[in-house]
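In what follows, a single structure is set out as structure tokens and then discussed.
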Amino acid sequence: MLEETNAVMHGHFLLTSGLHSPIYVEKFNVLQRPEYTEQLCKEIASRFINDNVELVVGPMTGGILLAYEVAKNLGTRFFFTERVNGKMTFKRGFAIKPGTRVLVVEDIVTTGGSVREVLDVVKGEGGVPVGVGLLVDRSGGKADFGVRTEPLLRLDVETYKPEECPMCKEGTPLTQRGRTGK
């Protein structure tokens, strides 16, 4: 599905983490297709079906779609986190009852920073993380969250600090996200 929708792109990209990469995953190329999103989330949910998940949490934006659909498949509730003054938090009256078993769902992980922030929010509320479900793990499995992590696709993609980027040194211009060859 990721290939069919051109979600995996090749070029010279600036990632949200600030790193550069020759591969970018444009999640919305696949998530704009509800039938694909539903199938992908059914697969994520199936991997946690026996974990007694009581709540699914995802970070804004792509994580919201995935968390909703995974929660629907697990027959439970879902929440999402938002950034307030740069810090991940719950808003909108979301509160976790201490001891609640929580599955965190995210779209793309490169460094894992956002997932760690969501896990910290969940733990800070007394929730018990039971796992992390991912659409794509770009870290090649290097991102460790201290709980079972289930990516649908694992990519081992080189990333570079801008000052160390070989594509920058070659003078390759950055590719605009969402577009190939431009």
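Annotation note: of 109, 105, the sole residue that is in contact with a helix residue (DSSP H, G or I) (Cβ under 7 Å, 6 or more places away or on another chain) and modelled with pLDDT of 95 or more is 105. Within the stretch 60-101, track down each residue that is of a type in the set (A, V, I, L, M), at pLDDT 95 or above and closer than 14 Å to residue 44 by Cα. Selection gives 66, 67, 70, 71, 74. Beta carbons closer than 6 Å, at least 6 apart along the sequence or on distinct chains, pair a first residue in the stretch 4-20 that is in contact (Cβ under 8 Å) with a residue 40 or more places away in the chain and buried (at least 17 other Cβ atoms within 10 Å of the Cβ) with a second that is part of a loop (DSSP other than H, G, I, E, B) and among the acidic types (Asp, Glu) for 9/26. Is there a residue being free of Cβ contacts under 8 Å to residues at least 40 places away in the same chain and farther than 30 Å from residue 57 by Cα anywhere in the stretch 128-147? No, there is no match, as no residue in the stretch 128-147 is free of Cβ contacts under 8 Å to residues at least 40 places away in the same chain and farther than 30 Å from residue 57 by Cα.
Residue 63 meets each of the listed conditions (1) in contact with a Phe, Trp or Tyr (Cβ under 7 Å, 6 or more places away or on another chain); (2) without any contact (Cβ under 8 Å) to a residue 40 or more places away in the chain apart from (2). For the stretch 148-182, enumerate the residues that are at pLDDT 90 or above, assigned to a loop (DSSP other than H, G, I, E, B) and either touching a Leu at 6+ places or on another chain (Cβ under 7 Å) or surrounded by fewer than 16 Cβ atoms within 10 Å (Cβ to Cβ) (or both). Matches in the stretch 148-182: 148, 161, 170, 171, 172, 173, 174.
The values are calculated or read from the model by the stated rules, or taken from the named source; none is laboratory data. These numbers were taken from a predicted model, which means no experiment stands behind them. Virtual Cβ from ideal backbone geometry, glycine too; neighbours counted across all protein chains shown.
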